[in-house]
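The structure appears right after this line, and notes come after that.
The values are calculated or read from the model by the stated rules, or taken from the named source; none is laboratory data. Remember, predicted model here, so these are calculated numbers, not experimental data. Backbone-built Cβ (ideal geometry, glycine too); neighbour counts: all protein chains shown.
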Amino acid sequence: MTPLSTVRLQLHSEFGFDAAREQVPYYSRLGVSHFYLSPVTRARPGSRHGYDVVDPTRVSGELGGEEGLIGLAERLHEHDMGLILDIVPNHMAVHADNAWWWSVLELGVKSPYAAWFDINWQAADPQLRGKVMAPFLARPYAESLANGDIRLAYDGQAAAWRIEACGNPYPIAEGTMPGLGLDPAQSQSLFSGDHADGRQRLHDLLERQHYRLSWWRSAADGINWRRFFDITELIGVRVEMEETFEAVHALPLSLYEDGLIDGLRIDHVDGLADPLGYCRRLRTALDERASRRPAGPGSDRAWIVVEKILAPSETLDGDWQADGTTGYDFMDQVGAVLHDPGGKAALTSAWSAVAQDGRDVREHVRQARALMLQRYFVAERKALLEALRDVAQRGLEGRDWSIEAIGRVMDELLIDFSVYRTYADGSGRRQADADLFKRLLPVVAERLELERYEGGQLLACLDGWLGGKPCGSVAIPDAPGGGDARKAALNRFQQLTPPLAAKSLEDTVFYRYGRLLSRNEVGSDPAVFSLSVDDFHQQNAWRARYGNMSMLATATHDHKRGEDVRARLAVLSEIPLQWGRKAGGWLRDAEHEYPVGSARRAGERYMLFQMLVGAWPLDLAPDAASGRQAYLDRIATWQLKALREAKQGSSWMAPDQAYEARAAEFIDSLRVGGPNHALLTEIGEFAHDVAPAGVVNSLAQLMLRLMSPGIPDLYQGTELWDFSLVDPDNRRAVAYEPRSRLLEELDGKDSSALLRDWRSGAVKQSVLTRSLALRRSMPELFRKGEYVPLRIDGPRSGHVLAFMRVLGEQHAIVVVPRLCAQAIGLGASTPMLPATYWRGTRLVLPSRYAGAALSDALTGERLGGGTGGVLDVAGLLAGLPVALLVEA
């Protein structure tokens, strides 16, 4: 069964298959067609997300095992629903429960899994040749030996000796430990760190192992294996190898063949050596098994979506043989179209004044990318540089260039790189990648003044080594191994740019640049402040033709702030001067008791105020004592993460506890009885004032997600208002009982009742449920229907976005407001616009639909067809802030 809509569920030991099974009837009533689960394979004990896989061949016992998964699939099928799995081909956890990793530690290059992991067994560092770095010590190696952090231990259950370091076991290679005839007590005494001889024996023993224990801080500089981003607990897997691919995918392919799942979400596809080749291989493997699937539900072609960040100019074309992305691109577009471009200048000026920083986003990104290369991806940069030098040394065109010169040009290329990655292979670059380099190379040449100093020849060589045309005017045959060397260098480059992009933008700049935090979201570029209605229509029209099976998301387990937080913060783009006065006053008031002391601190506080306004719960009164503590606890957790991600006053690598404590003190001052208690009340009052306009944005965003071309995804719990923060806040347990109760009560509520009770979220749940019901009643319309932008005439034409979905005689009309905060006003009682606001504003239908009687699927109200296909917007939006019209 091809999905019509999905719901993303986060599984862990406290919410496994049985718990998910209990919610099938609820989600069936909501109208969802498929559960879309976080990874279900065996992960590290106690994992809260499943991406730290230790065995991809087995279903997690903590979640309920294969029996529990089968039971969930069967319950879904009973409700004509299906199942989508999230799989993790890029990496695994380095953990004792990972048998493949344990084998590598024990046997080194002789392990059958030695080539399955992306380990450089021939590292330039002679101390790591033939070894794998294990940078897991809490303090430097010598201190760890002296303080007993590393010790010899006997595993009685396995009847084997182990190394135990910081509580984690490591194997001892056969034949490397003398004195095996001694009893455990004697051996442990001989290798004790309590005396010099024992430490020396223990050190000598460790030197004979296939791994090299080291301080965790040394990983950034010296690690000899590919990590997931800069996370040293996750090692890259080489799924480009056939046997590795087959082992990693045996379970999901079997589940698909058995009819238990209908598709796969591919995590971090850009981390793979050959993402396109991988997707093609996966598609072939699934297609081969499709004919063996049971008949009935789930008999359609497998649905494949990839987690990929698209740059504004990028698309996912048919070469991928994937159905689309996981929806970050849509999340960016739908958010941007709800931002007022008229507020950009004032908000930019306000941020520059507060932070005393006039740099644009691009300069922030360049600085962050340079930082990541210099401090966090030193080893990865070094590996790429060594690979490029290897290429240079194999041909005459590269013999003139020193490793320092290559590094200088390579760094500038990486710093100015504008997409997550390219997809070149042995046959060269795809056209989009060639166009990218054509734009990029002159920029790099100008920055480095290459024309003046080096004639651009090195840059031309680097371009050729990374998939472009060979440099040099004389054709010279490759030296032995030249092709393999270029492939290795190309893979290093293409697998470094994605983590470099993510860590510099999403996990650094997003926490440094605070013009408006609603635009600092995964998949978004803060430099792109807004999107016009015409551009939004153009993106949706493309999606209807080429990406109608792509996922549409507005909330995920990785978002920086909840979908309704962003919708509320977007209101500030419409009232920038009012916001500036409020925030400026708060900064001045806070300065009396808690002076910021620096422009950076002021910028951090300005971002904190945005988060306090954006995430303020609708059921928390501004002056309420109860609930304030819990809210500030969540905000404090967010702030600590924000400070460390920004990598300025503090960081994860080098936390500055005094700096963090000073920031925490200010939050504490906002608590009940604190010196800034009244300030928080003011912030809460402003949050309540902008909340109705934010809710209108939320409902517009919801309608656009549900009706745009693609497969809408519902992140767990966001059928009600989503004022969550970055993880772990956005992965909190979902309260299903009140959601189920609200759903049961929907039938007895008309639009006026929903609007009176808008703070409960019932109106959002109602719009979702009724829209999904329409999708299920006309599935082909939303799978294959044409996307037709509709014309709006009149004085408020720029404040309405409308389109039709059309397939044969079936059609649906979507009408949503935008940029209406001024009309709604601050402190409105309900999230509605006065009818007088729309006076003279009309929607114009294509002539073939003129005069047809319509009804609103959201309210049940019948509407006339207008005169000559012209409909008054005031009448369309009289019941709710959004409308979904179908033929009556």
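When you scan the stretch 75-97, do you find a residue that is at pLDDT 95 or above, among the hydrophobic types (A, V, I, L, M, F, W, C), over 26 Å from the mean Cα position of the chain (by Cα) and farther than 30 Å from R301 by Cα, even just one? Scanning the stretch 75-97 turns up at least one residue that is at pLDDT 95 or above, among the hydrophobic types (A, V, I, L, M, F, W, C), over 26 Å from the mean Cα position of the chain (by Cα) and farther than 30 Å from R301 by Cα. The residue that is surrounded by the fewest Cβ atoms within 10 Å (Cβ to Cβ), among those in the stretch 350-364 that are in a helix (DSSP H, G or I) and touching a residue at least 24 places away in the same chain (Cβ under 8 Å), is R362. Only one entry of V53, V94 meets the criterion of being under 19 Å from T244 (Cβ atoms), out of contact with any Phe, Trp or Tyr (no Cβ under 7 Å at 6 or more places or on another chain), in contact (Cβ under 8 Å) with a residue 12 or more places away in the chain and buried (at least 24 other Cβ atoms within 10 Å of the Cβ), and that entry is V53.
Scanning the stretch 563-595 for residues that are among the basic types (K, R) and touching a strand residue (DSSP E or B) at 6+ places or on another chain (Cβ under 9 Å) turns up nothing. Scanning the stretch 464-481 for any residue that is surrounded by 20 or more Cβ atoms within 10 Å (Cβ to Cβ), modelled with pLDDT of 85 or more and either in the same structural domain as Y278 (by TED's automatic domain parsing) or hydrophobic (A, V, I, L, M, F, W, C) (or both) turns up at least one such residue.
Answer yes or no as to whether R796 is of a type outside the set (G, A, S), surrounded by fewer than 22 Cβ atoms within 10 Å (Cβ to Cβ) and touching a residue at least 60 places away in the same chain (Cβ under 8 Å). When the stated conditions are applied, R796 passes them. No other residue among P25, P39 is of a type outside the set (V, I, T) and in a helix (DSSP H, G or I) apart from P25.
Look at the stretch 760-775 and say how many of its residues are out of contact with any helix residue (DSSP H, G or I) (no Cβ under 9 Å at 6 or more places or on another chain) and among the charged types (D, E, K, R). Even if it seems obvious, please write down each step before you answer.
Filtering the stretch 760-775 down to residues out of contact with any helix residue (DSSP H, G or I) (no Cβ under 9 Å at 6 or more places or on another chain) leaves 773.
Next, only the ones that are among the charged types (D, E, K, R) stay: none.
Going through the stretch 760-775 one residue at a time, the tally reaches 0.
A search for C-beta distances below 9 Å between a residue of the stretch 267-296 that is closer than 18 Å to M241 by Cα and any residue that is among the β-branched types (V, I, T) and assigned to a helix (DSSP H, G or I), counting only pairs 6+ apart in sequence or on different chains, returns D270/T497; P275/V269; Y278/V269; C279/V269.
Taking the options A663, A658, name whichever one is surrounded by fewer than 16 Cβ atoms within 10 Å (Cβ to Cβ), part of a helix (DSSP H, G or I), of a type in the set (G, A, S) and at pLDDT 95 or above. Talk me through it step by step, then tell me what you get.
Numbers: A663 fails: surrounded by fewer than 16 Cβ atoms within 10 Å (Cβ to Cβ).
The match here is A658.
Of all the criteria given as (1) farther than 13 Å from M707 by Cβ; (2) charged (D, E, K, R); (3) surrounded by fewer than 21 Cβ atoms within 10 Å (Cβ to Cβ), the one not satisfied by R818 is (3).
What residue, of R21, R58, is over 23 Å from R783 (Cβ atoms), in the same structural domain as R265 (by TED's automatic domain parsing) and crowded, with 19+ Cβ neighbours inside 10 Å?
Values: R58 fails: crowded, with 19+ Cβ neighbours inside 10 Å.
Only one candidate qualifies: R21.
Would it be correct to say that S13 is of a type outside the set (K, R), in the same structural domain as H210 (by TED's automatic domain parsing) and on the phi < 0 side of the Ramachandran plot? No. One residue stands out in the stretch 108-149 among those that are touching a Cys at 6+ places or on another chain (Cβ under 8 Å) and crowded, with 17+ Cβ neighbours inside 10 Å: the one that is farthest from R199 (Cα to Cα), namely F136. With respect to G335, determine if the residue is closer than 27 Å to L572 by Cα, touching a residue at least 40 places away in the same chain (Cβ under 8 Å) and crowded, with 20+ Cβ neighbours inside 10 Å. Criteria met by G335. Only residues that are more than 17 Å from W216 (Cα to Cα) and surrounded by fewer than 16 Cβ atoms within 10 Å (Cβ to Cβ) were counted in the stretch 155-178, giving 10. Inspection of the stretch 149-157 finds no residue satisfying the criterion of being in contact with a helix residue (DSSP H, G or I) (Cβ under 9 Å, 6 or more places away or on another chain) and assigned to a helix (DSSP H, G or I). Count of the stretch 620-655 residues, restricted to those that are assigned to a loop (DSSP other than H, G, I, E, B), within 20 Å of V509 (Cα to Cα) and among the aliphatic types (A, V, I, L, M), is 2. Inspect all residues belonging to the stretch 311-322 and state whether any of them is touching a residue at least 60 places away in the same chain (Cβ under 8 Å) and among the hydrophobic types (A, V, I, L, M, F, W, C). Yes, there is a match, as at least one residue in the stretch 311-322 is touching a residue at least 60 places away in the same chain (Cβ under 8 Å) and among the hydrophobic types (A, V, I, L, M, F, W, C). Scanning the stretch 598-645 for residues that are farther than 13 Å from R561 by Cβ and among the small types (G, A, S) returns S598, A599, A602, G603, A621, A624, A625, S626, G627, A630, A636.
Looking across the stretch 491-507, the residues that are under 17 Å from T422 (Cα atoms) and among the polar types (S, T, N, Q) come down to N491, Q494, Q495, T497.
Residues in the stretch 114-145 that are β-branched (V, I, T) and farther than 11 Å from Y211 by Cα: I119 only. Evaluated against (1) part of a loop (DSSP other than H, G, I, E, B); (2) in contact with a Phe, Trp or Tyr (Cβ under 6 Å, 6 or more places away or on another chain), A124 falls short on exactly one condition, (2).
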